[in-house]
Amino acid sequence: MSRIFRSFFIVWTVLRFGLDELVLSSFQKPWIRLLTRIVSLGRNLKAPRGERLREALESLGPIFVKFGQVMSTRRDLLPPDVADELARLQDRVPPFDSAVAVAMIEKAFGRPLDRIFATFEHTPVASASIAQVHFATLPGGREVAVKVLRPNMLPAIEKDLALMRMMAGWIERASADGKRLKPREVVAEFDNYLHDELDLLREAANAAQLRRNMQGLHLVMIPEMIWDYCMPDVMVMERMTGVPIGQTQRLRDAGVDMKKLSRDGVTIFFTQVFRDGFFHADMHPGNIQVSLAPQTFGRYISLDFGIVGTLTEVDKEYLAQNFSAFFQRDYKRVAELHIESGWVPASTRADQLEAAIRACCEPYFDRPLKEISLGMVLMRLFQTSRRFQVEIQPQLVLLQKTLLNIEGLGRELDPDLDLWSTAKPFLEKWMLEQVGPEKLLAQLKAEAPTYAKLLPGLPRLLSQYLKAPPGTNRRELEALLAEQKRTNKLLQAIIYGGFGFLLGLLAMQMVMRVQVF
């Protein structure tokens with residue numbers, strides 16, 4: 001019965017905000033357009049479509065709000081006005097009763113609240129669709145933040161996800177536009193994100209990894225996890241104190257260098273992407289603060305690590321070479337990279353893909369370099385690729401979404417921010433590392449354990465072979481001696497070639513420093 005009532009409430013919300021009109025208006029047939037006008041009679045549907053969709057999701061509750069947040073990241077699928085409106089869903093969820101939060105904490109730790117914390121603030125300081133945060137103090141006096149999952153989330157999301165899958169199927173079958181938006185794939189992606197975020201231990205592990213990666217950069221602070229107090233539904237971390245980055249006037253009044261702050265944000269992001277291949281993928285303004293403490297003045301504070309992105313070496317090479325080729329207007333190379341990556345069918349004609357990429361990218365060069373949006377460039381490349389039947393990898397969609405967030409935030413702090421000049425050193429350093437002696441030594445070091453296991457056993461195997469009866473291995477022994485002579489010659493050639501190779505690498509690196517960028 002609860003599912004039936006929930007279904008009726010969803011249908012009523014759809015009709016109340018005119019979402020049915022949004023679907024029907026996508027059809028081109030005259031009789032459907034007439035039906036659209038008929039079903040719109042008596043309803044006030046003058047509000048923009050994005051606003052109506054956002055308000056409908058807010059009415060449907062936290063799960064649908066989270067779904068809207070994830071949808072807002074798929075700017076490669078949604079119209080800009082809808083994506084912009086859905087992006088406003090961040091941090092707008094009313095908090096749940098603090099008594100329920102206390103009960104969940106006591107259940108997780110198996111003892112009363114006053115035996116867990118010295119003090120506990122019952123009024124939450126932040127509330128989102130999945131969890132809310134309270135400030136507290138540990139018995140030793142350390143100030144911490146306590147993140148608590150919303151109660152009964154798993155049963156609720158399973159019911160709503162089942163309904164979402166059903167509605168996504170309807171939308172996909174309803175029209176060509178509905179099919180193009182791939183609603184079932186979006187729901188599946190949302191399902192993965194949501195189940196990951198419901199495990200606060202996983203989020204704590206993400207935070208610990210990012211904190212370890214960023215320790216030497218001295219540009220960003222990430223809270224330390226208090227592992228003795230971390231559970232799947234309760235997470236305790238170091239309390240961070242800062243000013244939300246959206247309060248730009250307050251930051252200016254405090255004396256923060258806004259130009260440096262914008263450059264630092266870009267540096268943090270590209271370090272995570274091209275150095276570590278592990279990046280915070282939910283960097284909207286609600287999750288970023290700036291420290292005003294004297295010891296850490298002007299440093300970023302990152303929060304909420306439920307969504308992170310990872311990149312392989314192949315992904316990083318693809319991105320670095322794409323950006324480099326784009327800014328050299330080498331559209332042929334961009335097309336070749338798409339084909340070489342395997343994301344475009346091998347039968348694709350490179351000249352056709354090159355022409356399509358040129359058509360979508362060339363207009364950017366009619367404006368100053370600092371006005372070129374790397375996020376939009378990446379999105380346009382994805383859109384062009386999709387026309388040629390490429391399936392975009394989820395980690396690259398996360399990257400594009402985060403890059404758009406970082407770029408928008410950076411230019412809000414400093415309208416003159418030149419994102420390319422900030423990103424270029426990372427791309428240049430990464431590409432040079434791929435062909436230099438450091439890369440060769442790193443690969444040899446990685447393979448060393450394997451060789452170390454094999455080499456000690458070789459003398460024993462050779463001894464066993466030589467001790468075999470002469471009649472059984474005479475021919476093999478002669479072949480072994482002949483092979484030994486060839487091996488000696490080959491070793492000499494390798495030694496001489498190795499010196500030549502190292503000299504060639506040094507010369508190549510000098511040439512690339514001049515020519516690559």
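The values are calculated or read from the model by the stated rules, or taken from the named source; none is laboratory data. This structure is a prediction, so every number in the text was calculated from the model and none was measured. Cβ: placed from backbone, ideal geometry, glycine included. Neighbour counts: every protein chain shown. Accessible surface is based on the protein model in full, side chains and every heavy atom, while ligands, DNA and RNA are left aside. Shrake-Rupley method; radii C 1.70, N 1.55, O 1.52, S 1.80 Å.
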On the basis of being closer than 25 Å to PRO151 by Cβ, modelled with pLDDT of 65 or more, of a type in the set (Gly, Ala, Ser) and open to solvent by less than 30 Å² (accessible area, probe 1.4 Å), does GLY61 make the cut? yes
Every residue in region 98-122 that is in a helix (DSSP H, G or I) and of a type in the set (S, T, N, Q), please. SER98
GLY169 passes all but one of the listed conditions (1) more than 21 Å from VAL236 (Cβ to Cβ); (2) open to solvent by 20 Å² or more (accessible area, probe 1.4 Å); the exception is number (2)
Residue among ALA83, ALA103, ALA87 that is over 27 Å from the mean Cα position of the chain (by Cα) and either modelled with pLDDT under 60 or open to solvent by less than 60 Å² (accessible area, probe 1.4 Å) (or both): ALA103
Residue within region 220-235 that is in contact with a Lys or Arg (Cβ under 7 Å, 6 or more places away or on another chain), within 30 Å of GLU313 (Cα to Cα) and open to solvent by 30 Å² or more (accessible area, probe 1.4 Å) present: yes
For helices (runs of 4 or more DSSP H) lying entirely in region 355-453, having 3 or more residues that are touching a His at 6+ places or on another chain (Cβ under 9 Å) and modelled with pLDDT of 65 or more picks out 394-413
All but one of (1) surrounded by 18 or more Cβ atoms within 10 Å (Cβ to Cβ); (2) on the phi > 0 side of the Ramachandran plot hold for ALA335; state the number of the condition that does not hold. (2)
Considering only region 31-50, I want to know if a residue exists there that is in a helix (DSSP H, G or I), at pLDDT 65 or above and either out of contact with any His (no Cβ under 7 Å at 6 or more places or on another chain) or hydrophobic (A, V, I, L, M, F, W, C) (or both). yes
Can you pull out the strands (runs of 3 or more DSSP E) entirely within region 202-319 that have at least 2 residues that are within 29 Å of LEU138 (Cα to Cα)? 234-238, 288-290, 300-302
Tally of residues being more than 32 Å from the chain's Cα centre (by Cα) and surrounded by 15 or more Cβ atoms within 10 Å (Cβ to Cβ) across region 122-149: 2
Matching entry among ALA335, ALA346 (being modelled with pLDDT under 85 and assigned to a loop (DSSP other than H, G, I, E, B)): ALA346
Would you mind finding the one in THR271, THR241 that is in contact (Cβ under 8 Å) with a residue 12 or more places away in the chain, open to solvent by 30 Å² or more (accessible area, probe 1.4 Å) and β-branched (Val, Ile, Thr)? THR241
Flag if HIS284 is at pLDDT 80 or above, open to solvent by less than 20 Å² (accessible area, probe 1.4 Å), out of contact with any Lys or Arg (no Cβ under 6 Å at 6 or more places or on another chain) and within 26 Å of ASP257 (Cβ to Cβ): no
Out of ASP20, ASP76, I need the residue that is farther than 25 Å from ILE406 by Cβ and either open to solvent by less than 30 Å² (accessible area, probe 1.4 Å) or at pLDDT below 75 (or both). Which one? ASP20
